[in-house]
Amino acid sequence: MIFYSAERFYRKIVYLLLFFFTIFFLFPILWMFIISLKPVSQLYRFPPHIIPRPPVLKNYVYSFINIGIGRNLFNSLILTLGTLAVSIPVSIPAAYALSKFRFRFQSVLLLGILGTQMIPGMASLVPLFDILKSFKLLDSFIGLIFIYTARTLPLNIWIFKGFFDTIPNDLFEAALVDGCTQFQSMRYIMVPLVLPGMAAASMFTIMQSWIEFIVPLTMLFSEEKLPFPVAVYKFMGSPIMGTNYGAIFASAAVGSLPILMLFIIFQRYFIKGLTAGAVKE
Amino acid sequence: MKKVVHFMVVLLAGLLFTAGLFAAGEKEAKVAEGVTIKVINQERWAPYVEKAVEKWNAANPDKKVVLDQLVLGYPQLRQKIATAAAGGMAPDFSLIDSVWVAEFANAGFLMPLDEIDPTWVENDYNKDFYPVFVEGDSFDGQPYGIHSQTDMALIWYRKDWFSSEGIKAPETWEELVRAVQHFQQPQVRRKYGMGEYAFAFPAGLKAAETVTYQLTPFIWSNGGDVFRNNTVVLNSSTTVAAIKLLSDFVNMYKAVSPECIAYEWNTALKLMGTGQVALSVGGSYEGSMIKEAAGWDDATFREKVGFVPIPAGPNGEQATTAGGMAYAIYRQSKNPELALEILKLTTGPELMYEFCASTGQNPPRISVVNKLDQQKDWLLVETSDMLYNARVRPIIPEYAKVSEQLQRMVENAVSGKATPEEAVAEAAKNISVITGLPLK
Amino acid sequence: MKKTPILLMLLALLILAAFSIYPVFNAFRLSLFDMGLLQREVTFVGLKNYSVLLSDPLFYNSLKATLLFAGGSVAIQYFLGLFLATLLSTQDLKGIRFFRSSFILPYTLSELVVALVWLHIYDSNFGVLNGFVNALGVPVQRWLFDWAMPAVIVANCWWGSTFSMLLLESAMKGIPAELYEAAKVDGASGLQQFFKITLPSLHYVSMLNLIMITLLTINAFGIVFVLTFGGPQNATDVIGMYMWRNAFRFMDLGYGATLAVVIFIFNIIITLLYIRVFGKETLKGSVSK
């Protein structure tokens, strides 16, 4: 690789570039925190102050105490865990089948599964509403979990398939010879071997379900069920009352913390597990 | 590194735990019995419905109401109530922008108020609400909406600067042009520390409904209109003159930034509040936001900022739009009578006064306006005078599309993409196609 | 034995069929009707919506805007992702966890929060970007007016590049180190190694990555929605934005569905184009490996 084993001079450039991009990626987030610490009267100054003077916690107090964003975070947690609990167990056997079996229309099927990504999310809102309504799943977490699952399945299947691909078929055949059934061989031999892929798939599933906005907005009808992203937009005002940007950014900042921490903790496994077997040697 | 990880795990667990506590705490509080009333509302409005329910429950212990209120932001409100109503999940009542009432009533989603309680409509609704709302919240001769607050389009101007320059508040287009040109002079702008442009208004699709709301009065003030007697009368020399005036502010007098077609609904008021411009087209609801953006107290604001209705053109009189959010009851409601009882309290004189005074909004009830404090609520008292002459935007089921055509008309003319004549002719033609009404 | 794979996939296929594939068929069906959320009657109109579409200047405008938006976003996201992944793959990099965490941060925010943050940064009167520009002595810019399209592309890439970076970085991890060692012995420079070893090894991942980010960008509209609402003068009126306006502002479901069908067809065409460009074998390889 270009910088893989670069000389000292080039290493300096690498660090310089990394710092530059760190600023590019971090600054808007920092700015979000800064705005969340500013009262309205400080927002419309030019040039804007980088450090709020004085910083106020008013916005955080408002979104937590007055609006109770805590319970929305809790709802998001349930939705995310629910999606995780359905999406991962459903995608593992599917990926296994796509990787270890040969059958007709296999490539068509794989393409088709990835192809569900081609559907514009907005377009499916109305039909999804109808489906949930006919299953009596409107205004329920279960209905949402199915939709989230459908949206996370393609990527998860693809990640797991990459893992199964790297596991030699001999191992799997040996198990069959030993008298394992297909399911047993999957359960006892394959699944433990794809555990690292689990980290990557889970992370993407969590991220996607945590920030989903339009679907819960459309499908939920009770205040106490709203997940966190929908609750944030309560503060988007009409022209009449104005938008409470401080409260939006304060809640958004709090809401992104759990995901960020998860990533920091698990990033090693995550990177390792993302695309095993995707590189053709 | 390990320590950091441990710390984070603990923090994460703590965060989730706290979130759980919040959730559990609220669930316990929810156990109460009575008839459930479902409401879709906005953040600043919601507490007053809660208060109304409390009041009702205190007065009627035998007919208790449990409130199930969904609170959303304005940008999501329209989509939510439409999908809810179309999907058979409509609330008992919801907040609704008064310009949507015709669309939702025409779709059959709303319940006429006189079908629920004709005596109340006759004795209270028709008498105490300003006539403009009784007319504006009705469709096909039946009342559907109950206004919660109202606001009027107007022009804000810097009273202090105007008086030190010896200029009076503009009452006609001519005076407006002269005042704007005066403040646009470089030495005047420098003197007051203004920005590059002296005047501001939003003029593009980005500001959406605000454009229709704030700039339609320019058409009215010259004797023009969009519809008259079921005909599209937009394409007239009076409308063209109004659109030309707006375009001239940008392209001829260079007193409004060409960026105005990309302004948001609140850009002009921020420019006003920070002393960048001497005048801006706005709405009475912006008063408190201008104060906030500027960091002024009420007395300073009163000293520095004045307002006038949209000035009169050569063929017309001063004009203004009345807008506001209304409540409406849905056909799907199982308890429309009870819903109306709650709304009577919510929009009753007592809670309306509390709501309007604390949020700086104009009350749509005559009796509440009379109750306003001349000192404390001075802005509301003064702006309310304009209500008798205010007009509402077209009451038609195809309003959303028509409004976008009006916004496009202004944007095309102001950006120089089309001449005012072309922009008006095209909008009139499109509106005629959309509504199926003949062109004049 | 023969039925086993189907059984294994059954649940996944059922969920996808109900919640991903059925909605597409439904969109096809809706596009043949004149119907809206605020309309009482539903009338079958056949292909009328499509003929309206073909004579709708705003539709052609939205195609142009989408091409610019998606083209710009995808190119930047892919190459920025590749570049960052390369940087992060430097041997014995100190602070790699810090850098990687910083780069992923935008991805933890929802699209609309991202857009609101950038809206504040770009604000021509009070924004911090103009604050910087001003401090550097350059005249302040009207970002969302004169630079609307680049501005939305930058905001979109700020949010989306992370995905490409993660995918490509982890794929680079899978390239055996011996290959590089061997190349080094042969005297290949870093750049040569990159073009001879790294890029070819990323062939398959690159294709998937490009397909995914292209589709995501075409289907997305949240950032445009908040930053410019399609303006000024429809310059950023991407097709997703135009579809939203029809379906949920005007509540015109029939026409909205027609646009959705068109987007869907474009997505298929683009995917097939990518497969064509990268070679059919790339995909085959993934199936029969």
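Run the dipole for chain C about the Cα centre, Lys and Arg Cβ at +1, Asp and Glu Cβ at -1, nothing else charged, and hand back the magnitude in debye, nearest 20.
On the way: 19 positive and 14 negative charges, 140 e Å.
Here chain C has a charge dipole of around 680 debye.
How many partner chain Cβ atoms sit within 10 Å of a residue's Cβ in peptide C:232-243, on average, as a whole number? All intermediate terms of the calculation are to be shown ahead of the outcome.
Values: counts 12, 10, 4, 1, 1, 1, 0, 1, 4, 1, 0, 3.
Counting other chains' Cβ atoms within 10 Å and averaging over C:232-243 gives 3.
Using the Cα atoms as the points, what is the convex hull volume per residue of chain A in Å³?
Working: hull volume 56.0 nm³, N = 281.
Residue-normalised Cα hull volume stands at 199 Å³.
List for the range A:195-215: residues with 50 Å² or greater reduction in accessible area, all protein chains versus chain alone, probe 1.4 Å?
With the partner chains in place, the range A:195-215 has these residues losing at least 50 Å²: A:204, A:207, A:211.
Summing -39500 (n - 2.57) over the DSSP H runs of n ≥ 4 in chain B and dividing by its residue number, what mean residue ellipticity at 222 nm do you reach, to the nearest 500 deg cm²/dmol?
Details: 20 runs with 212 residues, N = 440.
Only helices count here, giving -14500 deg cm²/dmol.
Amide H neighbours of residue B:139 under 5 Å, at least 5 residues apart or on other chains, H built in the peptide plane: list them.
Under 5 Å from the amide H of residue B:139: B:144.
How about residue B:191: which aspartates and glutamates have a C-alpha closer than 16 Å to its C-alpha, ignoring those fewer than 8 places off in the same chain?
Filter leaves B:160, B:165.
Once you've got the GNM for chain C with C-alpha springs shorter than 10 Å, pick whichever of C:259, C:88, C:14 has the biggest mean-square fluctuation.
The residue with the greatest mean-square fluctuation here is C:14.
On C-alpha positions alone, give me the angle between the axis of helix B:399-414 and the longest principal axis of chain B, in degrees, nearest 10.
Rounded to the nearest ten degrees, it is 30.
Amide H of residue B:147: which non-local residues (sequence gap of 5 or more, or other chain) have their own amide H closer than 5 Å, using H built in the peptide plane?
Hits under the 5 Å cutoff: B:327.
Highest GNM mean-square fluctuation, chain C, Cα pairs closer than 10 Å: which of C:96, C:275, C:21?
Top of the fluctuation ranking is C:21.
All other residues with a Cβ under 14 Å from the Cβ of residue A:142 taken together, and with Lys, Arg as +1 and Asp, Glu as -1, what is their net charge? Let's see the in-between values first.
Details: positive: A:133, A:136, A:225; negative: A:139.
Surrounding charge for residue A:142 is +2.
Over the range C:27-287, what relative contact order in percent results from Cα pairs under 8 Å that are six or more residues apart?
Values: 301 pairs, mean separation 84.8, N = 261.
Once divided by the residue count of the range C:27-287, the mean separation gives 33 percent.
State, in angstrom, two size descriptors of the range B:170-248 derived from its alpha carbons: Rg to one decimal place and Dmax to the nearest whole number.
15.2, 51
Other chains near A:216-226: what is the mean number of their Cβ atoms within 10 Å of each residue's Cβ?
Working: counts 0, 6, 7, 3, 2, 11, 4, 12, 6, 1, 3.
Per residue, the number of nearby Cβ atoms from other chains is 5 on average.
With charges only on Cβ, +1 for K and R and -1 for D and E, what is the dipole size of the protein assembly as shown about its Cα centre, in debye, rounded to 20?
So the magnitude is around 3460 debye.
Over all alpha-carbon pairs of the range A:44-107, lay out the pair-distance distribution in 5 Å bins, whole %, shortest bin first.
For the range A:44-107, the binned pair fractions read 4, 12, 10, 10, 9, 9, 9, 8, 7, 7, 7, 6, 3, 1 percent.
Taking chain B as a Gaussian network, where each spring joins two C-alpha atoms under 10 Å apart, which residue of B:46, B:242, B:153 fluctuates the most?
B:46
When the helices in chain C are scored as -39500 (n - 2.57) per DSSP H run of 4 or longer and the sum is shared across all residues, what 222 nm value do you end up with, to the nearest 500 deg cm²/dmol?
Values: 16 runs with 196 residues, N = 289.
For chain C, the value works out to -21000 deg cm²/dmol.
Tell me, rounded to the nearest percent, the portion of alpha carbon pairs in the range C:39-96 spaced more than 17 Å apart. List each step's numbers first, then the result.
Numbers: 1105 of 1653 pairs.
Value for the range C:39-96: 67 percent of Cα pairs lie more than 17 Å apart.
Express the carbon and sulfur contribution to the solvent-accessible surface of the range C:37-120 as a percent, rounded to the nearest whole number, probe 1.4 angstrom. Walk me through the numbers on the way to the answer.
Working: 2480 of 3540 Å².
Reported share for carbon and sulfur atoms: 70 percent.
Counting only protein heavy atoms and using a 1.4 Å probe, what share of the accessible area of the range B:222-356 belongs to carbon plus sulfur, as a whole percent?
Details: 1920 of 4200 Å².
C and S fraction of accessible area: 46 percent.
As I understand it, the value is the acute angle between the Cα axis of helix B:349-359 and the longest principal axis of the Cα atoms of chain B; what does it come to in degrees, rounded to 10?
Long axis of B:349-359 versus the principal axis of chain B: about 60 degrees.
Just add up the charged neighbours of residue C:225: K/R +1, D/E -1, any other residue whose Cβ is under 13 Å from the Cβ of residue C:225. Mind dumping the intermediate values first?
Details: positive: B:206, C:245, C:249; negative: B:264, C:111, C:237.
Summing Lys/Arg as +1 and Asp/Glu as -1 gives 0.
Please name whichever of C:107, C:151, C:124 sits farthest to the positive end of the charge dipole of chain C, dipole taken about the Cα centre and charges placed at Cβ: Lys and Arg +1, Asp and Glu -1.
C:107
Taking +1 at the Cβ of each Lys and Arg and -1 at the Cβ of each Asp and Glu, which of A:84, A:138, A:61 sits farthest along the dipole of the range A:1-151 towards its positive end, judged by Cα position relative to the Cα centre?
Going by the Cα projections, it comes out as A:61.
Kindly write out, for the range B:380-392 in residue order, the coupling ³J(HN,Hα) from the Karplus curve 6.51 cos²θ - 1.76 cosθ + 1.60 (θ = phi - 60°), rounded to whole Hz, with x marking Gly and Pro.
5, 4, 5, 5, 4, 4, 6, 5, 5, 9, 6, 10, 9
Scan chain A and note any complete DSSP helix (H) whose C-alpha atoms cover at least 15 Å along its axis and whose Kyte-Doolittle average is 0.0 or more.
Working: long enough: A:8-36 (41 Å, 1.74); A:69-100 (46 Å, 1.06); A:141-166 (36 Å, 1.06); A:195-211 (25 Å, 1.06); A:245-274 (38 Å, 1.44).
Helices meeting the criterion: A:8-36, A:69-100, A:141-166, A:195-211, A:245-274.
Students often forget the sequence filter, so: which lysines lie under 18 Å Cα-Cα from residue A:38 once same-chain residues fewer than 8 apart are removed?
A:58, B:270, B:291
Rounded to the nearest 0.05, what FRET efficiency is calculated for residue B:254 and residue A:272 with R0 set to 60 Å and r the Cβ-Cβ distance? Could you put the intermediate results ahead of the total?
Working: r = 61 Å, r/R0 = 1.01.
Taking R0 as 60 Å, the efficiency between residue B:254 and residue A:272 is 0.50.
Counting helices only, and only those DSSP H runs with n ≥ 4, report the 222 nm mean residue ellipticity of chain A as the sum of -39,500 (n - 2.57) divided by its residues, in deg cm²/dmol to the nearest 500.
Values: 13 runs with 186 residues, N = 281.
Mean residue ellipticity at 222 nm (helix-derived): -21500 deg cm²/dmol.
Averaged across the residues of A:96-107, what count of C-beta atoms belonging to other chains lies within 10 Å of each residue's C-beta? All intermediate terms of the calculation are to be shown ahead of the outcome.
Values: counts 4, 8, 6, 4, 3, 7, 3, 6, 0, 0, 3, 6.
That average works out to 4.
For the protein assembly as shown, what is the convex hull volume of its Cα atoms per residue in Å³? Could the numbers behind the result be given before it?
Working: hull volume 180.3 nm³, N = 1010.
Once divided by residue count, the hull of the protein assembly as shown is 178 Å³.
How big is the gap, in Å, between the Cα center of the range A:124-156 and the Cα center of the range C:43-69?
That distance is 28 Å.
Over both sides of the A-C contact, add up the buried accessible area with a 1.4 Å probe and give it to the nearest 100 Å². Don't jump to the answer; show the numbers that get you there.
Details: alone 17750 and 17720 Å², together 25420 Å².
So the total buried area for this chain pair works out to about 10100 Å².
Would you mind working out the accessible area per residue for chain A, using a 1.4 Å probe, and quoting it in Å²?
On the way: 10610 Å² over 281 residues.
Each residue of chain A exposes 38 Å² on average to a 1.4 Å probe.
Stokes-Einstein diffusion coefficient for the range A:155-268 at 10 °C in a medium of 1.306 mPa s, Rh from the Kirkwood formula over Cα pairs: what value in µm²/s?
Working: Rh = 17.7 Å.
Estimated via Stokes-Einstein, D reaches 90 µm²/s.
Scan chain C and note any complete DSSP helix (H) whose C-alpha atoms cover at least 15 Å along its axis and whose Kyte-Doolittle average is 0.0 or more. List each step's numbers first, then the result.
Values: long enough: C:4-16 (19 Å, 2.85); C:57-88 (46 Å, 1.31); C:111-122 (16 Å, 1.78); C:148-173 (38 Å, 0.95); C:203-219 (24 Å, 1.35); C:253-278 (37 Å, 2.08).
Membrane-span-like by this rule: C:4-16, C:57-88, C:111-122, C:148-173, C:203-219, C:253-278.
Just to be sure I understand: if I project the alpha-carbon convex hull of chain B onto a plane and average over all orientations, what area do I get in nm²?
Working: hull surface 105.0 nm².
Result: a mean projected hull area of 26.3 nm².
Return the inverse of the average 1/r over all pairs of distinct C-alpha atoms in chain C, which is the Kirkwood hydrodynamic radius, in Å to one decimal. It would help to have the intermediate numbers written out before the result.
On the way: mean 1/r = 0.0454 Å⁻¹.
For chain C, the Kirkwood estimate is 22.0 Å.
Total Lys pairs in chain C closer than 20 Å by alpha-carbon, pairs eight or more apart in sequence or interchain only? Numbers along the way, then the final one.
Working: C:2/C:289; C:94/C:173; C:173/C:184; C:173/C:196; C:173/C:289; C:184/C:196; C:280/C:289.
For chain C, qualifying lysine pairs total 7.
Considering only protein heavy atoms and a probe of 1.4 Å, how much of the accessible area of chain A is carbon and sulfur, as a whole percent? Show your work: numbers first, answer last.
Details: 7350 of 10610 Å².
Solvent-exposed carbon and sulfur of chain A make up 69 percent of the total.
Could you tell me the accessible area of residue B:194 in Å² (1.4 Å probe, neighbours in place), rounded to the nearest ten?
20
When the scattering of the range A:39-182 is computed by the Debye formula from its Cα atoms alone, each counted once and equally, what is log10 I(q)/I(0) at q = 0.12, 0.14 Å⁻¹?
-0.77, -0.88
So, with +1 on the Cβ of K and R and -1 on the Cβ of D and E, and no other charges, what is the size of the charge dipole of chain B about its Cα centre, to the nearest 20 debye? Provide the component values of the computation, followed by the final result.
Details: 41 positive and 52 negative charges, 268 e Å.
It comes to approximately 1280 debye.
Would you please give the residues with an amide H less than 5 Å from that of residue B:321, counting only those at least 5 places away or on a separate chain, with H modeled from the backbone geometry?
Long-range HN contacts for residue B:321: B:153, B:391.
The values are calculated or read from the model by the stated rules, or taken from the named source; none is laboratory data. Since the model is a prediction, treat every value here as computed from it, not as a measurement. Positions of Cβ are generated from backbone atoms using ideal geometry, with glycine treated the same way; all protein chains shown enter the neighbour counts. The accessibility values were calculated without ligands, DNA or RNA, using every heavy atom of the protein model including side chains. Shrake-Rupley method; radii C 1.70, N 1.55, O 1.52, S 1.80 Å.
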